[in-house]
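Structure, as structure tokens:
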Amino acid sequence: ARAETDILRVSNLEKRFGGIVAVDGASFGIERGSLTGLIGPNGAGKSTTFNLITGVHRADAGRVIFQGEDVTGLGPQQLVGRGLVRTFQISRELSGMTVLENMLLAFQGQLGESLWRTVTPGVRGSLVEQERELLDRVWETLELFEIDHLAHEDAANLSGGQRKLLELSRALLTDPDMLLLDEPMAGVNPTLEKKLLDRIHELRSQGYTFLLVEHDMDVIMNNCETVIVMHQGQVLSQGTPEEIQGDERVIEAYLGG
Ligand code: ADP
Ligand code: MG
């Protein structure tokens, strides 16, 4: 019964880099509408797993099932189109562009085609209409994350926390069903951290599904209803924060390195 409510299922995922087995037969399911934490010691394979799920890396073996469909081998942009998006710890695109311009980047490669289709005589009105709706959404999202006052600021000048808010805002614009967040709280001060977590909980109650990798154990244990623990490329344990904290193997993995 549980599998039917899973928005995402990965089975026997494998990824090697030369002689290193980064992900070694990982399997787990993520329930729709849940907030799940993915934890594990450094080098456990968390980021690689994210990259396999979101099509950044191609798996050597295993399957990724999203919303009941096999999406194994699809690229990041195709997955975004299906409602699966990840935030990146970005910096590359940020510099030299304003917050607003960064937000508009979210539509790259998605709306482009449909927008161009409407650029023909007679339907220009609908293009203007679409652009207006798009801009409305951008501003609404900036307001939701309380960074609208920074819209014309060079994104390079944002604090670490504001940058995280921008990353999440931008991911949201792609109209996702599920968001994967890689260390969303890194470099975020307590005030912004609370703001970010509030937004995540709010979005969750609206039906969005979240999977997050986060080093801050308090964040994971106080906010996630399910925690997946990886160790040496494998899923060591999956359960509630209470179950995870009482799991001898988990404690050993962290202590033993
Ligand atoms: P985590 O995010 O849990 O810290 P990673 O998924 O980043 O772990 O890394 C898992 C293992 O794979 C590590 O041993 C790491 O050094 C290795 N690894 C990750 N990405 C690459 C890569 N692009 N090339 C070579 N080795 C990699
Ligand atoms: Mg990592």
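Read-outs: derived from the displayed coordinates by stated rules, not from any lab. Not measured: the values here are computed from a predicted model. So basically every Cβ, Gly included, is an ideal-geometry build from the backbone, and we count neighbours across all protein chains shown.
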Name the residues in region 55-87 that are within 15 Å of the chain's Cα centre (by Cα) and of a type in the set (A, V, I, L, M), would you?
-> Val56, Leu79, Val80, Leu84, Val85
Within the bounds of region 140-160, is there any residue that is within 17 Å of the chain's Cα centre (by Cα), of a type in the set (D, E, K, R), farther than 12 Å from Thr98 by Cβ and surrounded by 13 or more Cβ atoms within 10 Å (Cβ to Cβ)?
-> no
Only one of (1) in contact with a strand residue (DSSP E or B) (Cβ under 7 Å, 6 or more places away or on another chain); (2) within 16 Å of ligand 1 (Cβ to nearest atom) fails for Met185. Which number is that?
-> (1)
Has region 66-79 got any residue that is among the hydroxyl-bearing types (Ser, Thr, Tyr) and over 28 Å from Ala106 (Cβ atoms)?
-> no
Having 3 or more residues that are within 16 Å of ligand 2 (Cβ to nearest atom) is the bar; report the helices (runs of 4 or more DSSP H) wholly within region 153-257 that clear it.
-> 217-223
Filter region 2-60 down to residues that are charged (D, E, K, R) and within 14 Å of Leu236 (Cα to Cα) and give me whichever is nearest to ligand 2 (Cβ to nearest atom).
-> Lys46
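Let's see how each residue does on (1) surrounded by fewer than 19 Cβ atoms within 10 Å (Cβ to Cβ); (2) closer than 16 Å to Gly40 by Cβ; (3) touching a Pro at 6+ places or on another chain (Cβ under 8 Å):
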| site | (1), (2), (3) |
| --- | --- |
| Leu173 | no, no, no |
| Pro176 | no, no, no |
| Leu179 | no, no, no |
| Phe210 | no, no, no |
| Thr226 | no, yes, no |
| Gly256 | yes, yes, no |
